[in-house]
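**Q** I have a structure here, written as structure tokens, and I will follow up with some questions on it.
The values are calculated or read from the model by the stated rules, or taken from the named source; none is laboratory data. Note that the structure is predicted; figures quoted are calculated from it, not measured. Please note: Cβ atoms are built from the backbone with ideal geometry, for glycine as well, and neighbour counts cover all protein chains shown. Remember, those area values only see protein heavy atoms, side chains included, never the ligands or the DNA or RNA. Shrake-Rupley method; radii C 1.70, N 1.55, O 1.52, S 1.80 Å.
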Amino acid sequence: MFNALTSYLGLAKPETVTVSRLLIHPIKSCHGTSVQAAVCTKTGLQYDREFMIIDANTHKAITARDIAKMVLIYPEVHPDLGSSDGGTLRVSFPPEADLEEFEVPLRPDPERVKEWEMIDDVKLWSFTIDAYVCQAVAPTNSGLSPSEIISKYIGRPALLVVKGPSPRIAKPTPSAPNLDATFLFQDGYPLMVLSMETIQDVCERVLQAVRNEEGWAVAGLDVTKWGSPGMNEEKWSMVERFRPNIVFTGAREAFDEDSWEEISVRDSQTDELKGRILLVSRCTRCLLPNVDPASGVPDKAVPFKVISKYRRVDVRDKYSPCVGVNAVSLLDAFPISVGDKVTITKRLDRGAETLAVK
């Protein structure tokens, strides 16, 4: 185990991993987009979870935990540096929905939002947040607003909102008691990272459950669906189920990222230091990863029941399994790309955050 002194001094021989995927989710709980490069900021990857869908009456966040087919809403970022709005966000729906697409400003100009409705009691978990109700860049063919189109898709009155100006403060963690970070519509922290080694381990555990190995029986598991022939393909969609921002390849073992405290991102060609990231806590999981990002249909068992068998490890929430780690950029902004080299500069023992083994 690594102790506090190890964390302070860093590693004698730093290990490296590689950025293998970058994902942004412009509208919370809607379809994610894999990108080759992004800007990592203090509030998360640029364009990640800057928009959200809320109940029109209660102003409570609506997520794919509530309406699984939200993952089939496809937001597409179209930056335009020459525009006062920074570009547009184009939102489309599955063909069978028979709904028109629309565009809203990507980064609404301050003058524009003066004309938009401001809501100051948006509820997202334990947070109360401010937000603006989005309006279309141009009138839609139907004359419906973006919120009205989304309401038709999800079958209940809803509003599409973009984060307002008030900062949302991230809560300190045992390993980061002096954390100074703000974020947008992410669940609890600006970034979530994980390794492909972790995903591979989850897939292997699913196969153990399929084989009904001792200690791995899982109720409701569809053996035909999750049998070994399809698991190589499923490994990649399993990444998308967990909705991370940064995925690494080359960790020395599954869940190795649990013990990373600080990492540095370097250019793969020049080795130039690009940025630094602080990893602040494990990411506890709900049932959302059970939703298939390709079909919008939730599975009865995978992966939640499987990871619950062995990843209920965090004292903050002893009933929720953990996959991935929450993180914060230590720089205001830096570019990050697939292929970048990442050095694990500090490790720590999350013993104070770990449930005792029974």
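**Q** Which pairs turn up if I take residues in the range 208-219 that are in the same structural domain as Ile307 (by the TED database) and on the phi > 0 side of the Ramachandran plot and look for partners that are modelled with pLDDT under 95 and open to solvent by 60 Å² or more (accessible area, probe 1.4 Å) with beta carbon separation below 9 Å, at least 6 apart in sequence or on another chain?
**A** The qualifying pairs are Asn212/Val223.
**Q** OK, next. Restricting attention to the range 298-319, and to residues there that are under 19 Å from the mean Cα position of the chain (by Cα) and of a type in the set (Val, Ile, Thr), which single residue is nearest to Glu96 (Cα to Cα)?
**A** Within the range 298-319, the match that is nearest to Glu96 (Cα to Cα) is Val302.
**Q** Next question. Could you check, for the range 235-250, whether at least one of its residues is modelled with pLDDT of 95 or more, out of contact with any Leu (no Cβ under 9 Å at 6 or more places or on another chain) and surrounded by fewer than 21 Cβ atoms within 10 Å (Cβ to Cβ)?
**A** Among the residues of the range 235-250, at least one is modelled with pLDDT of 95 or more, out of contact with any Leu (no Cβ under 9 Å at 6 or more places or on another chain) and surrounded by fewer than 21 Cβ atoms within 10 Å (Cβ to Cβ), which makes the answer yes.
For (1) surrounded by 14 or more Cβ atoms within 10 Å (Cβ to Cβ); (2) part of a helix (DSSP H, G or I), each residue gets a yes or a no:
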{"position": "Pro293", "(1), (2)": "yes, no"}
{"position": "Gly296", "(1), (2)": "yes, no"}
{"position": "Val302", "(1), (2)": "yes, no"}
{"position": "Ile307", "(1), (2)": "yes, yes"}
{"position": "Tyr319", "(1), (2)": "no, no"}
{"position": "Gly324", "(1), (2)": "yes, no"}
{"position": "Ile336", "(1), (2)": "yes, no"}
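**Q** Taking Asp314, is it open to solvent by less than 20 Å² (accessible area, probe 1.4 Å), modelled with pLDDT of 95 or more and of a type in the set (Asp, Glu)?
**A** Criteria not met by Asp314.
**Q** Filter the range 338-358 down to the residues that are of a type outside the set (Val, Ile, Thr), in contact with a Ser or Thr (Cβ under 9 Å, 6 or more places away or on another chain) and open to solvent by less than 50 Å² (accessible area, probe 1.4 Å) and list them by number.
**A** Answer for the range 338-358, where residues must be of a type outside the set (Val, Ile, Thr), in contact with a Ser or Thr (Cβ under 9 Å, 6 or more places away or on another chain) and open to solvent by less than 50 Å² (accessible area, probe 1.4 Å): Gly339, Asp340, Arg347, Leu348, Arg350, Glu353.
**Q** Residue check: is Val77 touching a Gly at 6+ places or on another chain (Cβ under 8 Å), modelled with pLDDT of 95 or more and crowded, with 22+ Cβ neighbours inside 10 Å?
**A** So Val77 does not fit the description; no.
**Q** Now for a separate question. Filter the range 277-291 down to the residues that are crowded, with 18+ Cβ neighbours inside 10 Å and either on the phi > 0 side of the Ramachandran plot or not in a helix (DSSP H, G or I) (or both) and list them by number.
**A** Within the range 277-291, Ile277, Leu278, Leu279, Val280, Ser281, Arg282, Cys283, Thr284, Arg285, Val291 meet the criteria.
**Q** Still on this model: State all residues of the range 255-276 that are assigned to a loop (DSSP other than H, G, I, E, B) and open to solvent by 30 Å² or more (accessible area, probe 1.4 Å); if no residue qualifies, say none.
**A** Asp267, Ser268, Gln269, Thr270, Asp271, Glu272
**Q** Only one of (1) in contact with a Gly (Cβ under 6 Å, 6 or more places away or on another chain); (2) closer than 30 Å to Leu278 by Cα; (3) surrounded by fewer than 16 Cβ atoms within 10 Å (Cβ to Cβ) is not met by Trp125, so which one is it?
**A** (1)
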